[in-house]
Amino acid sequence: MGRPKEFDPETAVVQAMNLFWRQGYASTTPQGLADALGIGKGSLYNAFGGKRQLFDLALQRYLDTQKDAVTSLLNDSGTVKERLRRALMVLVETDLADPGRRGCLATNSAVEFGVADADVATRVQSLFDHTERAFASLITEGRRSGELRNDLDDQAVASMLLNTVTGLHTLARLEKGPARMRSIADATISLL
């Protein structure tokens, strides 16, 4: 009997995240996870408890990474419109550069689980709320500085921007090139 293969749990969570992101939760089997992580199914259960527990860890890793990315992009240097456009363009370029065209794991999970799973819905909503608050703060900044129209409703515009982001992530799964997605981003910013 050979010695069990040792693995790094943090690396395993990232590998699992990529598999769930590529295939979705329902299409990912425990054996597929074990194979992707290079461990036996017994080790998978011993280390993580099972497929759902590993999905929860993987989703949380993704959500935390995205919250940090949103904050970083929107707090970067430049005018409000430059930061908003740059954030949308980073999304477009990143999604289109992904050969698997996975889109956004949070959006994908919201679509796959819907409201049938309150825990997933709550955690994904947390990312969406964080993103919306960051957009609203930036819109407020732009109105106060005079860069954006003063008649804008910060919250309504933030919701529109969140909708644009989730729509772009979804469109990226099918779009052949960046032209239409860049056009959507430009049109969105021009409304401000």
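Look at VAL70 and say whether it is under 19 Å from HIS130 (Cα atoms) and surrounded by 15 or more Cβ atoms within 10 Å (Cβ to Cβ). Spelling it out, VAL70 is indeed under 19 Å from HIS130 (Cα atoms) and surrounded by 15 or more Cβ atoms within 10 Å (Cβ to Cβ). Condition first: assigned to a helix (DSSP H, G or I), touching a residue at least 24 places away in the same chain (Cβ under 8 Å), within 24 Å of LEU168 (Cα to Cα) and not hydrophobic (A, V, I, L, M, F, W, C). Can you find one or more residues in the range 17-36 that meet it? Scanning the range 17-36 turns up at least one residue that is assigned to a helix (DSSP H, G or I), touching a residue at least 24 places away in the same chain (Cβ under 8 Å), within 24 Å of LEU168 (Cα to Cα) and not hydrophobic (A, V, I, L, M, F, W, C). The residue pairs whose first member lies in the range 140-164 and is touching a residue at least 40 places away in the same chain (Cβ under 8 Å) and acidic (Asp, Glu), whose second member is surrounded by 14 or more Cβ atoms within 10 Å (Cβ to Cβ) and assigned to a helix (DSSP H, G or I), and whose beta carbons are closer than 9 Å, counting only pairs six or more residues apart or on different chains, are GLU141/VAL80; GLU147/VAL80; GLU147/LYS81; GLU147/GLU141.
If you go through the range 102-156 and keep only what is outside any helix (DSSP H, G or I), closer than 30 Å to ARG52 by Cβ and of a type outside the set (A, V, I, L, M, F, W, C), you end up with ARG102, GLY103, GLY114, ASP117. Within the range 96-142, if we keep just the residues that are modelled with pLDDT of 95 or more and touching an Asp or Glu at 6+ places or on another chain (Cβ under 7 Å), the residue that is farthest from GLY78 (Cα to Cα) turns out to be ALA136.
For the range 55-77, residues that are within 15 Å of GLY142 (Cβ to Cβ) and out of contact with any helix residue (DSSP H, G or I) (no Cβ under 7 Å at 6 or more places or on another chain) total 2.
The selection criterion, being touching a Gly at 6+ places or on another chain (Cβ under 8 Å) and either closer than 23 Å to LEU174 by Cβ or surrounded by fewer than 18 Cβ atoms within 10 Å (Cβ to Cβ) (or both), holds for LEU96.
Of everything in the range 59-75, what is charged (D, E, K, R) and within 9 Å of the chain's Cα centre (by Cα)? Give them in sequence order. Result: LYS67, single match.
The values are calculated or read from the model by the stated rules, or taken from the named source; none is laboratory data. What you see is a predicted model; the values in this text were computed from it and never measured. Methodologically, a virtual Cβ is constructed for each residue, glycine included, from the backbone with ideal geometry; neighbour enumeration extends over all protein chains shown.
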